[in-house]
């Protein structure tokens, strides 16, 4: 083997890619050729230097968090209408982080998702235990009176009979560690429950929608209260009921 | 829906390789912002196709997706075109003075070595990264990059020669 032939085998030799016979040939040449030996030594040093952890770029925490959140979104709600909006929000998050605003924005999205999950769980539990209401009444005034003294605020109990929803009654719930009013209506044998709780951030927001299991949720904030309309009725009906309630509120 | 099995499994199998995924994307795109975009897209794509993952080496699987995502992104973003070409490096054959490489690399800071790697054209850079950072065999690299093993071998050899010369040249200028 001459030096030129060795050249072709030098890197596979260094990388442990040669078979025993080839290795012996290379070793034989190297033992008699200081120039090639020196070259091998150089590449070995280079290769070792490239393995330095200093040259690696680890993924940032913000990217990891964002991915976890996006994966949860992708797993739970494949055809989610809010997806594009979130993608935009994620882009904003990166830029806005410097002024400390982005994280809050991101958290608000996560809070909404947690709330949606919580109200859907509560509603599913109440129905499966055959206990949709603590207090059964079709009279809005009576239901409103029942809430008195139980909460720090008076949840509105509008009459939705014109929209085809019959008032069934109400119950008290704990949603994400805070008390909430649940006002229960019914249409076509399906419940439509309106959760009312103190808003984490007061103000007025547009109506937003989400889907969790078989439930559709329409939600918004109005003043100091947040509203979460939960039902297995079709999304359009849930949204309409939400819009109606929002107008009435 | 809670945490579906697919998500939990994906998080356990694939997410531990997020650093490797980011490192590869960062070296390919050469900046943080684009690397984040590529990794994000790649991980979501991996999640969508997780059902087709046959088991086996999940890091290899993920890095292959990262690389493919990068090239799709790269085709779409021509403004980021990376135009470096490898010059004809002088072959280190007997007669050429062998450079004192050992000293050189120790004296160069990580930043100089990093810059030297960045000047490698994409197809050489990725082969070098997969070998040196990830420790993949030629066969595994050939699978990820989708070229014959012989091509992996020659690209790797040229990439290393380029680095060796480049680092030697920098040294020459500095002294």
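Per-residue answers, yes or no, for (1) farther than 21 Å from residue B:155 by Cβ; (2) exposed (fewer than 14 other Cβ atoms within 10 Å of the Cβ); (3) more than 23 Å from the chain's Cα centre (by Cα); (4) modelled with pLDDT of 95 or more:
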site: B:10; (1), (2), (3), (4): yes, no, yes, no
site: B:75; (1), (2), (3), (4): no, yes, no, no
site: B:90; (1), (2), (3), (4): no, yes, yes, no
site: B:103; (1), (2), (3), (4): yes, yes, yes, no
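Which one of the conditions (1) over 22 Å from residue B:117 (Cα atoms); (2) at pLDDT 90 or above does residue A:77 fail to meet, given that it meets all the rest? Here residue A:77 clears every test but (2). Say whether the condition of being part of a strand (DSSP E or B) and within 23 Å of the chain's Cα centre (by Cα) is met by at least one residue in the range A:230-242. Looking through the range A:230-242, at least one residue is part of a strand (DSSP E or B) and within 23 Å of the chain's Cα centre (by Cα). Of all residues in the range A:1-33, those satisfying the criterion of being within 9 Å of chain B (Cβ to nearest Cβ) and in a helix (DSSP H, G or I) are A:3, A:4, A:7, A:8, A:10, A:11, A:12, A:14. Suppose the filter is in contact (Cβ under 8 Å) with a residue 12 or more places away in the chain, under 18 Å from residue B:123 (Cβ atoms) and surrounded by 14 or more Cβ atoms within 10 Å (Cβ to Cβ); does residue B:70 pass it? Against the criterion (in contact (Cβ under 8 Å) with a residue 12 or more places away in the chain, under 18 Å from residue B:123 (Cβ atoms) and surrounded by 14 or more Cβ atoms within 10 Å (Cβ to Cβ)), residue B:70 qualifies. For the range A:122-133, the criterion of being more than 32 Å from the chain's Cα centre (by Cα) and assigned to a loop (DSSP other than H, G, I, E, B) is met by no residue. Considering the range A:42-65, and only residues there that are more than 7 Å from chain B (Cβ to nearest Cβ) and assigned to a helix (DSSP H, G or I), the residue that is farthest from residue B:166 (Cα to Cα) turns out to be A:65. Which of the residues spanning the range B:113-147 are buried (at least 22 other Cβ atoms within 10 Å of the Cβ) and part of a loop (DSSP other than H, G, I, E, B)? B:120, B:136, listed by residue number.
Each row is one residue, and each column tells you yes or no for (1) in contact (Cβ under 8 Å) with a residue 12 or more places away in the chain; (2) within 15 Å of residue B:129 (Cβ to Cβ).
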{"residue": "B:10", "(1), (2)": "yes, no"}
{"residue": "B:19", "(1), (2)": "no, yes"}
{"residue": "B:25", "(1), (2)": "yes, yes"}
{"residue": "B:35", "(1), (2)": "yes, yes"}
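Considered as a group, the residues in the range A:16-36 that are surrounded by 14 or more Cβ atoms within 10 Å (Cβ to Cβ) and without any contact (Cβ under 8 Å) to a residue 24 or more places away in the chain include one that is farthest from residue B:19 (Cα to Cα), and that residue is A:22.
The values are calculated or read from the model by the stated rules, or taken from the named source; none is laboratory data. Keep in mind that what you see is a predicted model, and the values were worked out from it rather than measured. In this analysis, Cβ positions are derived from the backbone assuming ideal geometry, glycine residues included, and neighbour counts consider all displayed protein chains.
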